[in-house]
Amino acid sequence: MAYVLFRSLHLIAAVVFAGALIIKNLATGRLISQQDANHLARLSILSLLSGLVIGGCGTALWFWTGKPATFYSENPVFQIKIALFLALTGCLVYAAIFFNRHRKTQAAEISVPTTIRLSLRCAMLCLTLIPFLAWAMARGLGLSPN
Ligand code: HEM
């Protein structure tokens, strides 16, 4: 029961997280309005909350319910998935700080630095790879046969 609950929450939060990231990527051009910055800062909060649910439920699936923790911990595919999630989080925090800083700016238009747009693209790339790794590691692909 707990396994089904955490697994479902993990997947629902991943869908919300992906939706927020896709919108952020589409909405962030070279120039954004003050209103855009405000909306993007709010979307960053949604990303943070769904990221917390993903991480919390993922940790419960890892250590508490379902398969034994070593099934995941010893699998390099799972380790790569966690590393990508951490890289993705770093990219999103970097962009979120920028949007939050410009939330209440007086300027009508804000120039978005290339590094911010690149960090969002990089996060998108990580998010595209994670489901493949998740699928593989949940089936034990990557574990040595013995
Ligand atoms: C954006 C980040 C993430 C996404 C998109 C994601 C996605 C997924 C998906 C799609 C599955 C189901 C795989 C399947 O059964 O075919 C899964 C399973 C799992 N995830 Fe994640 N995940 C993410 C982050 C994390 C994190 C940070 C952790 C650990 C702290 C984690 C731990 C797990 C575990 C342990 C399972 C295995 C559940 C099982 O064996 O049924 N995930 N994840």
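Read-outs: derived from the displayed coordinates by stated rules, not from any lab. Only a predicted model underlies this, so the values are computations on that prediction, with no experimental measurement involved. No Cβ is skipped: glycine too gets one built from the backbone with ideal geometry, and neighbour counts run over all protein chains shown.
Miscellaneous remarks
- Set of lysines near Lys24 by C-alpha distance (under 21 Å), chain-local residues within fewer than 8 positions excluded: Lys104
- Between helix 114-138 and the chain: long-axis angle, C-alpha atoms, 0 to 90°, nearest 10: 20
- Crossing angle, helix 2-27 versus the chain [Cα axis fit, 0-90 degrees, rounded to tens]: 30
- Alpha-carbon gyration tensor eigenvalues x 5, square-rooted, for region 45-129, Å: 33, 14, 7
- Overall, the chain carries a charge dipole of about 180 debye about its Cα centre when +1 sits on the Cβ of Lys and Arg and -1 on the Cβ of Asp and Glu, all other atoms neutral.
- Highest-first arrangement of 13-21, 111-119, where packing means the average Cβ count within 10 Å: 13-21, 111-119
- Most positive-pole-ward Cα, Phe132, Ala18, Leu31, against dipole of the chain from beta carbon charges: Leu31
- Both the radius of gyration and Dmax for the chain are 17.3, 63 Å, in that order, over alpha-carbon atoms.
- Between the helical axis of 34-63 and the longest alpha-carbon principal axis of the chain there is an angle of about 10 degrees.
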